[in-house]
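Comments concern the structure below.
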Amino acid sequence: MRTIKHKRITAVLLTLALVLLMSVPTTVFAAEPTVNLRSTSNFAVLAGSAITNTGPTTINGDAGGDIGLHPGLATAYTGGGTVTMTGTAYLTDAVALQAKNDLILAYDDAAGRTTAVTIPSELGGRTLTPGVYDSADGTFHITGTLTLDA
């Protein structure tokens, strides 16, 4: 008799647990789509007024190794003699203009998103995966190597 009562209690508890699990709403979160960088994805450096290099620098990457400057003056690219790069320098031309226009679209898209992760402002020595980042003080600095790992 005790075994039958024990089995009955176990069956009731299992049924109750199953009903509770089935009644809890399930929330599905869709991943936020990637920001469409358009032509800016070809650029490692893209500036509006000047590009200044102060020492030996290597610019390369799987995403793009180009540099661009628009609407600044082509003479506003200084220190280029010590730059090793895998891409092309587009200085105040139609390619740089298109990239700057695409940058504005990408920035507006990214700026309108909710911050997913708050990280320290120093980015040197870090590897970041795709996402929307913020820092506690609202600024970022790079001293050293920053790896963007898509």
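FYI, it's all coordinate maths here, none of it is from the lab. Predicted model only: the values in this text are computed from it and were never measured. Because the Cβ atoms are built from the backbone with ideal geometry, glycine has one as well, and the counts that use them run over all protein chains shown.
Values for this structure:
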{"quantity": "Sequence-distant residues sharing a close amide H with Met85 (under 5 Å, placed H)", "calculated": "Ile59"}
{"quantity": "Residues with amide H under 5 Å from that of Gly79, placed H, sequence gap 5 or more", "calculated": "Asn53"}
{"quantity": "Integer Hz, Karplus 6.51/-1.76/1.60 couplings in order for segment 104-111, x for Gly and Pro", "calculated": "4, 4, 5, 4, 4, 4, 5, 5"}
{"quantity": "Ranked by how many other beta carbons lie within 10 Å on average, peptides 44-51, 64-71 from highest", "calculated": "64-71, 44-51"}
{"quantity": "Per-peptide average of other Cβ atoms within 10 Å, ordering 85-95, 133-143 highest first", "calculated": "85-95, 133-143"}
{"quantity": "Segment Asp134-Thr82, extension gain: residue separation times 0.36 nm, minus the distance between their alpha carbons", "calculated": "15.5 nm"}
{"quantity": "Amide H within-cut-off set for Gly68, under 5 Å, with H built and near neighbours excluded", "calculated": "Val45, Leu46, Ala47, Tyr90"}
